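Working notes, beginning with the structure itself.
Computed from the coordinates by the stated procedures, all read-outs in this text should not be read as laboratory data. It should be emphasised that the depicted structure is a prediction, and the values quoted were computed from it without experimental measurement. A quick note on method: Cβ atoms are made from the backbone with ideal geometry, for glycine too, and the neighbour counts reach across all protein chains shown.
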Amino acid sequence: MTIKEFFSFRQNKYFWANLIAMIIVVALALFGVLKGLDIYTRHGEAVVVPNVKGMGVAEAEKLFRNQGLSCIVSDSSYVKNLPAGCILDYNPSAGQKVKEGRTIYLTINTLSTPLQVVPNVADNSSMRQAQARLLASGFKLAENQYIPGEKDWVYGVKYKGHTLTNGEKVPVGATLTLIVGDGGELPQEGDSTGTDAGTPVSSGDSAADESWF
């Protein structure tokens, strides 16, 4: 085969027509694939995460749904000055751009107040020591309840009228009452306010009794 015969296909119009058709088909196929990927991944489309901090979960869920987003509660924390169940934080945070359908993970304020062990201050602390320990632990203090006993010595701790035992738990930040000695003497066992059985009878009474005989 001569070189002239080898390149003779270039003069065949059907060859060029088929070649052009193949190029067009490949280009269309490539365009279709890229377009499909854009649609599938929503390339270039983004949603701004709204600010829902402080809202309830139901209210935030409705707002997210309107933006094409979803949300789930993934964690909780406790902030005593905020309503139970309100949103404290979330990820991704407000203002970030995300794709539609993205799930937002919420951190909410606990629905119930967590419990905390009351420090053991009964029968081992002065009033000032007990007050300092309880306040440092985040508790509040009501007016002391005074009883006869060593002055300013703590004999117990009460919560809502209930005397607490060692290791007992109460809600975080609860108001407690210290049971404190007022310096008066404790009542002694065996004290009696009545007349003893062995009290001698007066002579007048004895004479009156003898008159019956």
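Overview of results
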{"quantity": "Stretchable slack from Ala142 to Met22, in nm (0.36 nm times residue separation minus alpha-carbon distance)", "calculated": "34.2 nm"}
{"quantity": "Extension gain (nm, one decimal) between Thr163 and Lys35, 0.36 nm per residue minus Cα-Cα", "calculated": "38.8 nm"}
{"quantity": "Length-normalised contact order for the stretch 47-109 - Cα pairs under 8 Å, 6+ apart - percent", "calculated": "48"}
{"quantity": "Exposure proxy order (Cβ contacts within 10 Å, fewest to most) of Ser74, Ser126", "calculated": "Ser74, Ser126"}
{"quantity": "Under 5 Å, built H, 5+ apart or other chain: amide partners of Tyr78", "calculated": "Thr110"}
{"quantity": "Sequence-distant residues sharing a close amide H with Arg102 (under 5 Å, placed H)", "calculated": "Ser70"}
{"quantity": "Histogram of C-alpha separations across the stretch 84-149, 10 Å bin width, %", "calculated": "15, 28, 18, 16, 13, 8, 2, 0"}
{"quantity": "DSSP beta bridge pairing in the stretch 47-109, given as percent antiparallel to the nearest 5", "calculated": "45"}
{"quantity": "Pairwise label distance in nanometres, Gln67 with Ser112, each label 7 Å out on the Cα-Cβ vector", "calculated": "3.3"}
{"quantity": "Flagged links, alpha-carbon separation over 28 Å, of Lys62/Lys99; Lys80/Lys151; Lys53/Lys158; Lys35/Lys62; Lys53/Lys169; Lys53/Lys97", "calculated": "Lys80/Lys151; Lys53/Lys158; Lys35/Lys62; Lys53/Lys169"}
{"quantity": "Sorted by Cβ neighbour density within 10 Å, fewest at the top, the residues Leu135, Leu88", "calculated": "Leu135, Leu88"}
{"quantity": "Extended-chain gain in nm, criterion 0.36 nm per residue less alpha-carbon gap, Lys151 and Asp75", "calculated": "22.6 nm"}
{"quantity": "Computed Kirkwood radius, in angstrom, where 1/r is averaged over Cα pairs of the stretch 47-109", "calculated": "11.5"}
